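Each reported figure results from applying straightforward, stated rules to the coordinates on display, with no laboratory input. Quick caveat: nothing in here was measured; it's all calculated off a predicted structure. Cβ sites come from the backbone with ideal geometry, for glycine too, and all protein chains shown count toward neighbours.
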């Protein structure tokens, strides 16, 4: 996967603001790609059919879902 130079620069800025650590372009690219790979591996959208069941189990989700609808 390739990232445009603008995305790498933006990632570097956010990373430095968040952690206080300045990354080189190569380090930023590697770190950003690792983060994207992790998100791709763990993120799965909740099917609409399961939202009701989850809201019953976790009532605090009801207000979060209603705000986004």
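Of note:
- A simple spin-label model places the labels of residue 19 and residue 62 4.1 nm from each other, with each point 7 Å out along Cα-to-Cβ.
- For the chain, the longest principal axis of the C-alpha atoms and the axis of helix 5-19 are separated by about 80°.
- Counting every other Cβ atom within 10 Å of each residue's Cβ, 23, 39, 54 order from fewest to most as 39, 54, 23.
- When its C-alpha radius of gyration is set against 2.2 N^0.38 Å (N residues), the chain gives a value of 1.60.
- Largest GNM mean-square fluctuation among 44, 55, 16, using the chain with Cα springs under 10 Å: 55.
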